[in-house]
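What follows draws every value from the coordinates through simple rules; no lab data is involved. Just so it is clear, the structure is predicted and the values come from calculations on it, not from any experiment. Positions of Cβ are backbone-derived with ideal geometry, glycine not excepted, and every protein chain shown enters the neighbour counts.
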Amino acid sequence: MIFTYRNLIKLVNRFIKAQLLGFLFLRAATFKLPKKIKTKGKFINLYLPNEHGIKISFVEILLDDVYKLNLIKKMSLKNNFLIRSILDIGANCGLFCVAARLNFPSSIINAYEPNLFIRKYLKYQSSLFNFNYFIKAVGKNDGSLTLHINPQESVLSSSSNDFSQYKVNQIVHKVVPKLSIKKVFQRTPNKILDIVKMDCEGAEWEILTELNIWKHVRFLTMEYHLDKSSNYNNITKAINKIGFVLVTNLRKSKGLNYGTLLAYNPKMISQ
């Protein structure tokens, strides 16, 4: 790979952010998950599985800020409101919740994750970073779904029937409870969600159809997943339908079926 100026800037930014969090980052190839991070001058322990996907997620969420929490903070300050409530759909081990807590110390954070195999990690992070967690999936309606779990790589677990990302003997099938986004919203203080983060392997499409919920949300930050029935135009249409405005440009690349985006509700930002 050609080492471009853009790569250099990213590397420097990662190095600086890692220093602020109290550990050393030199390059992705040699990166090891830190056992603790620093905040407000003191170290807090982490408990994470030693998985390749978790290493990538750690770098993306805590060093690269792929969910644009810093930008959300700037926009909230500019518009004179505080981030008080955060919903994390697809929390995995709680890395987004950790980043959210670092950025918004006084917010209430509720996290949902259906994978029972990583409950112990999520529970540990929740106790130290003060957020609530629920071992449930989230969708349009109450019910259940079959979760296809890769025990070696928790980030690859999915409700999709596409097993191309697995070796056959790695798949574990679990029927897990699913809670409707309406019931999830009922746990929201003051009936306003300042930030909704989604990384739910395709379930984002059905959640985005609950238009009444999104009237009460300020920011949406998410990892989107495309399949044979969806494309970049579907993303734009879904965001426009809930009345949100895209902040980030969609990363259109051949062979890339996922990406991240940030959008906001102009009616809620002006309040």
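Each of Glu60, Glu201 was scored by other Cβ atoms within 10 Å of its Cβ. Arranged with the fewest first, they read Glu60, Glu201. Largest first, the extents of the alpha carbon coordinates of segment 1-64 on the three principal axes equal 36, 26, 17 Å. The candidate values are [x] 16.7; [y] 15.9; [z] 14.5; the one derived from this structure for mean projected area of the Cα convex hull in nm² carries the label [z]. Packing around the peptides 70-77, 136-143, taken as the average count of other Cβ atoms within 10 Å per residue, puts them in this order, highest first: 136-143, 70-77.
Could you work out the Rg to Rh ratio of segment 1-156, with Rh taken as the Kirkwood radius (inverse of the mean 1/r over all Cα pairs)? Walk me through the numbers on the way to the answer.
Numbers: Rg = 16.4 Å, Rh = 16.8 Å.
Value, to two decimals: 0.98.
Kindly put His52, His173, His225, His216 in sequence by how many other C-beta atoms sit within 10 Å of each C-beta, fewest to most.
Working: His52 11, His173 8, His225 19, His216 16.
Starting with the residue having the fewest Cβ neighbours, the order is His173, His52, His216, His225.
Mind sorting Glu206, Glu51 by how few other Cβ atoms lie within 10 Å of their own Cβ, fewest first? If you can, show how the numbers build up before the last one.
Numbers: Glu206 14, Glu51 19.
In order of increasing Cβ crowding within 10 Å: Glu206, Glu51.
Summing +1 for each Lys or Arg and -1 for each Asp or Glu, what net charge is found among the other residues whose Cβ lies under 12 Å from the Cβ of Met75? Spelling it out: positives minus negatives among the neighbours equals +4.
Looking at segment 78-211 only, what percent of DSSP beta bridges run antiparallel? Nearest 5 please. Please list the in-between numbers first.
Working: 8 of 23 bridges.
Counting DSSP beta bridges with both partners in segment 78-211, the antiparallel share is about 35 percent.
Counting only DSSP H runs of at least 4 residues, each contributing -39500 (n - 2.57), and dividing by the residue count of the chain, the helix-based mean residue ellipticity at 222 nm comes to -8000 deg cm²/dmol.
Tally Lys/Arg at +1 and Asp/Glu at -1 over every other residue whose Cβ is under 12 Å from the Cβ of Ser106; what's the total? Charge balance in the 12 Å sphere: +1. Pairs with C-alpha atoms separated by more than 18 Å, drawn from the list Lys35/Lys123; Lys38/Lys120; Lys191/Lys241; Lys182/Lys215; Lys68/Lys183; Lys140/Lys174, are Lys38/Lys120; Lys191/Lys241; Lys68/Lys183; Lys140/Lys174. Take every Cα pair under 8 Å whose residues are at least 6 apart in sequence, average their separation, divide by the length of segment 1-64, and the relative contact order is 29 percent. Ignoring aspartates and glutamates fewer than eight residues from Lys136 along the same chain, the ones with Cα atoms less than 13 angstrom from its Cα are Asp88, Glu113. Run through the DSSP bridge list for the chain and note the antiparallel percent, rounded to the nearest 5. Roughly 50 percent of the DSSP beta bridges within the chain come out antiparallel.
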